[in-house]
Amino acid sequence: MTQEPAGMVSRADVLARGPVPLARAVLVDADEVWRVGLRLLLQEAGVVRVIDEARHGHAVLDTLRREVPELVLIDPGPARDRPLEIIQQLMAASEGTHVVLVAQSLPDDIVVEAVRLGVQGILMKGCDARSVLEAVSTTLRGHCALDPATTTAVVRTVRAPEAPPDRFTARELEVLELVARGLSNRLVGRALFITEATVKFHLRNIMDKLGVRRRAEVVGVALREGLVPTGEVEPVSLRS
């Protein structure tokens, strides 16, 4: 019998962990060579059928809405590509789809927010074939599969003492102050060195805690409750 090359996983290896139905998968990665290699690995393992692939997440939204595949493996791209927004759009387009991020590296804030959005797997591209197939098998069963390089950020967030219901996190207060100064989400992100999508995430949390629905109400309630200075504050100087 022919032996599998070291580091490779056979169909029997994967199925030995339990029955996993043949799933439909969509691959998203700007690197075509890596994307093709991933497709060959997954199809040879016999656990998925790739029904679509593209360079960018926006290109597969129609497929997700129409086909509702079981799995999407996506490199969300660098921060400038607003990865959290892309992830949100993918998950909104197909609520029953498991999303796994596969990237060279991811900032801690992106990792944490992605998990909060419902991403079920995060892999680094330096991992071996066995890790990829195990992550696919795990997520298709409805569990989370996180690369060891990303778990520290998630564990740190889980273990952090939970803020009282009437209190805000340090980051939320920073966002709140800058919003009160009149900065747009884009400029708030530049001031705090976070993505615009992350600013929107914090702003939604702030609005939920304040019990308001509009941005203008956020400033008014924050001033009334003394969460930001009531005097005039010069806007932060940032070039657009």
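Do you know which of the residues in the range 40-96 that are within 18 Å of the chain's Cα centre (by Cα) and polar (S, T, N, Q) is nearest to Ile194 (Cα to Cα)? Within the range 40-96, the match that is nearest to Ile194 (Cα to Cα) is Gln88.
Of the candidates Arg24, Arg55, the single residue that is modelled with pLDDT of 55 or more and touching a strand residue (DSSP E or B) at 6+ places or on another chain (Cβ under 7 Å) is Arg24. In the range 110-166, the residue that is surrounded by the most Cβ atoms within 10 Å (Cβ to Cβ) out of those that are modelled with pLDDT under 85, in contact with a Lys or Arg (Cβ under 9 Å, 6 or more places away or on another chain) and outside any loop (DSSP other than H, G, I, E, B) is Val112. Do we have Glu44 as modelled with pLDDT of 90 or more, assigned to a helix (DSSP H, G or I) and of a type in the set (D, E, K, R) here? Yes, satisfied.
The residues in the range 89-109 that are in a helix (DSSP H, G or I) and in contact with a strand residue (DSSP E or B) (Cβ under 7 Å, 6 or more places away or on another chain) can be counted, and the count is 2. For the residues Ala129, Ala114, the requirement of being small (Gly, Ala, Ser) and over 15 Å from Phe201 (Cα atoms) singles out Ala129.
Of all residues in the range 100-121, those that are polar (S, T, N, Q) have Cβ atoms under 7 Å from Cβ atoms of residues that are part of a loop (DSSP other than H, G, I, E, B), 6 or more apart or on another chain, in Gln104/Lys125; Gln120/Cys144.
The values are calculated or read from the model by the stated rules, or taken from the named source; none is laboratory data. Treat the numbers as computed from the prediction; the structure is a model and nothing was measured. Note that each Cβ is placed from the backbone with ideal geometry, even for glycine, and that neighbours are counted across all protein chains shown.
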